[in-house]
Every structure is written in C-alpha cells, then in structure tokens.
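The next block holds one structure in the form of structure tokens; read it before the comments.
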Amino acid sequence: MKTKEIDMLDILLILAKNKKFIIITTLIVSIVTVIYSLLVPQYWVSTAAIIPSGDDQSKFSLSSSILGGLASSVMGSEQSDANILIGIMESRTFSLDVVKKFNLIEYFRIDEPDTLISYEAAIKGLNDQIISLGVNEENGIISINAETKDKYLSAKIANYYRKQLDNYNKNSRMTKGKQQREFIETRLAEVKATIDTLSYDLNRFQKKYHTIDLEEQAKSVISLYSDLVSEKITNEIELEFSKKFYSEDNQKIENLKVKNSILNTKIKEMEQISGKLNPKYLLSMDNIPDISLQYSHIMLNLEIQKKIYEFLYPQYESAKIDELKDLPTIEIIDKAVPAGKRSKPKRALLCISAFLCSIIASSLMILFKEFFKTKAIRVKEIVKELKSY
C-alpha cells in the first residue's frame with residue numbers, strides 16, 4: 001500500500017515538474033480546436049416522419065382479446081411495408097431523381113467529365129452523407145433524415161422524399177385493386193366501342209331500308225297485303241257470281257273486272273317493291289325475310305353487348321372503390337422544417353473533448369518519457385556493475 005502511495009506521489013511530482021509543457025500543449029490544442037470548429041462547415045438536419053397507411057377499421061378490431069393472437073402478424077406486416085418503402089427510397093431510380101432535382105453534383109463539387117460517373121458519385125454521396133432512413137420497430141414510423149450545409153435544403157430534400165414516395169405509391173406501385181380496375185376498365189372500353197359500332201351499323205341499316213320499327217312495319221305490311229288479297233278473293237267471287245246472272249257487257253261486271261285488275265296491280269307492287277305509289281317506309285314483302293334476318297342479327301349482338309356493359313359497369317365502380325381502399329399510400333406524422341439548431345459541429349463538446357484529451361495525452365507523453373528515462377538509467381547502472389566484475 002505504501003509503495004502505491006509513493007508511486008502516485010512520484011507521478012504527481014513528475015506532472016507538476018512538467019506542468020508548463022502540459023499547459024502549453026493543452027492551450028495550443030484548445031486554440032486549434034476552437035479555430036477548427038469555427039471554420040468547419042455547419043450541418044443541419046431536418047426530419048420527416050411517415051407511416052404506411054392501413055385500414056383503420058381492421059386495426060381497431062384487433063384490440064379485442066379474441067384476435068390478440070393476430071396482432072403480431074399485422075404488426076409484422078406493417079414493418080414489412082415500412083421496409084418496402086425504405087427499399088423504394090434507397091433505390092437508384094429514386095436517388096437519381098433527388099440528385100437531379102437538387103443538383104447535388106454541384107453541391108458535392110464533383111468535377112468529372114463523364115456524366116454517368118458524376119451521377120454515381122452524387123448518388124453515393126446522397127446515401128452516405130445526406131440521407132438517413134430508419135424505422136421504429138415498435139410503431140412502424142419511418143424517419144427520413146436529411147443533413148446538409150443548408151438548413152432549408154435539408155428540409156426540402158426530406159419533404160421531397162416524402163412527396164415522391166406518396167406519388168410513387170399512388171401512380172406507379174401496382175396493387176390488386178388497381179390491376180382489377182385497369183382490367184375491367186379496358187374490357188369496358190372494348191364493349192363500349194363495340195356498342196358504338198353496332199349502333200352505327202343499326203343507324204345505317206335503318207336509313208338504307210327505311211326501317212323505324214321493323215316489327216310494327218312488317219305487321220302493317222302483312223296486314224295491308226292480307227287485306228288486299230282477301231278483297232281480291234272477295235271481288236273474284238262476286239265477279240263469278242255476277243257472270244251467272246248478267247251478260248258480259250253489264251256495267252256491274254265491268255266494274256268488278258276493273259276493281260280486280262287494280263287489286264292485282266297493287267298486290268304485285270307490294271310483292272315486287274316496284275310500285276310507284278309505295279310509301280317510302282312501306283316495306284316490300286319480298287325483302288321482309290332478309291331485312292328481318294339482318295335486323296335481328298344486329299339487334300342480337302347489340303343487346304348482348306349492352307347486357308355485358310350493364311354487368312361490367314357496376315363491377316368497374318366497385319373496383320374503383322376497392323382500389324382506393326387498397327392503395328398503399330402513406331400517412332404524414334411530421335413534415336420536415338428547417339432546423340433551429342445545427343447538428344454539427346458540436347463546438348462545446350468538441351472543445352471540451354479536445355481540452356481533456358490534450359491534458360491526458362500530454363501527461364501520458366511526460367510519464368512515458370520519464371519511464372523510459374528511468375529505465376535507461378537503470379540499464380546503464382546494471383551495465384556498469386557488470387563491467388566492474
């Protein structure tokens with residue numbers, strides 16, 4: 001115990017003996033550190049906090065003790081979503097967009113004639129020196145930290161990451177709801193185009209054959225034709241009957257013959273569409289079967305497409321709603337704002353650390369010097385004793 005006290009006393013005496021060296025060394029190091037801390041560039045950190053959005057209803061339902069066993073799997077899913085979002089922000093495409101947006105090649109003072117090399121260096125500088133991404137494992141909150149020499153630039157970069165990530169989720173990232181909506185939307189457009197084409201064909205058909213309501217027109221033609229035929233038959237019967245009681249030159253028989261001739265002419269006109277007195281929208285008997293077949297074919301296809309459209313449109317509206325539910329957007333916890341306090345250099349801590357380290361280092365240098373000096377003297381004494389023998 002006594003030896004230790006003597007050794008400690010020796011150390012204190014040695015340090016006191018060389019206090020001038022310690023003071024000068026500490027003073028020089030402290031002054032250099034202060035100058036360095038004043039000249040070194042200042043850095044500012046801005047942070048944006050986001051969280052992957054989810055279905056609130058499903059989250060609240062998990063508070064039940066019955067579903068408590070599923071909570072861990074849901075939290076694991078949220079963490080997985082957070083890791084996916086971080087991976088997106090760390091991607092080269094995302095980083096390159098930030099480099100171009102804020103001209104980071106000039107910020108890093110990269111003087112390289114090859115553009116590709118310049119971009120690669122700027123991307124590396126962005127990920128290594130400016131951006132720091134992290135996720136809180138307890139609540140899944142993602143932190144986007146941007147550190148630059150300009151407090152306003154730091155805030156802009158952090159907020160740009162947040163905005164671009166949200167835009168990517170809304171416009172680029174494919175989800176089940178979006179895929180379903182796009183598929184139905186494409187099919188719906190195809191059906192709509194087919195309906196428009198068939199409607200145009202129907203319009204041309206109606207103009208060509210002067211049809212408005214084919215079924216009613218056909219009924220009218222058949223009714224008129226049957227009336228003419230029945231009247232002709234009646235007239236022929238009356239003519240045959242009159243011939244039995246009147247001579248051929250009788251006026252009544254002459255009238256019946258004239259009427260019969262007129263009826264024959266009208267019947268032929270209806271049958272052959274060659275009659276000059278046929279109304280424009282009165283169909284020819286010969287053409288009714290062919291027109292009906294064409295009309296039925298067009299109407300059948302048109303009705304089928306309309307039924308398909310009626311089926312798809314509600315599906316399309318439902319898919320749009322599902323897409324909004326399924327859209328992997330983000331919730332903003334904190335927007336990045338310009339920092340009020342610099343992140344580095346921490347001048348007070350730096351000066352205090354340099355002051356203490358200089359005292360310790362200078363003291364150790366003196367002790368080591370004294371130690372080796374004592375050892376050298378001891379070695380000389382041993383050598384001298386050996387020589388005396």
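General observations
- What the phi angles of segment 119-136 give under the Karplus curve with 6.51, -1.76 and 1.60, with θ = phi - 60°, is a coupling list of 5, 4, 5, 5, 5, 4, x, 4, 6, 8, 10, 9, 9, 9, 10, x, 10, 7 Hz, glycine and proline written as x.
- Pairs exceeding a 23 Å alpha-carbon distance, out of Lys20/Lys380; Lys101/Lys346; Lys149/Lys346; Lys101/Lys178: Lys20/Lys380; Lys101/Lys346; Lys101/Lys178.
- Each other residue within a Cβ distance under 12 Å of Leu300 adds +1 if Lys or Arg and -1 if Asp or Glu, for a net charge of +1.
- Estimated distance in nm for a label pair at Glu182 and Glu238, the labels positioned 7 Å out from Cα along Cα-to-Cβ: 7.8 nm
- Close amide H partners of Ile333, meaning residues 5 or more places away or on another chain with modelled amide H under 5 Å apart, are Ala49, Ile50, Ile51.
- Where labels lie 7 Å past Cα in the beta-carbon direction, separation of Ser226 and Asn301 in nm: 3.3 nm
- Distance between the modelled labels on Asn203 and Thr329, one decimal in nanometres: 4.0 nm (7 Å Cα→Cβ projection).
- 32 Å Cα-Cα threshold exceeded, pairs from Lys124/Lys344; Lys243/Lys268; Lys19/Lys151; Lys268/Lys306: Lys19/Lys151; Lys268/Lys306
Laboratory data are not the source of any read-out in this text; all were calculated from the coordinates shown. Since the model is a prediction, treat every value here as computed from it, not as a measurement. Cβ coordinates were reconstructed from backbone atoms using ideal geometry, including for glycine residues, and neighbour counts include every protein chain displayed.
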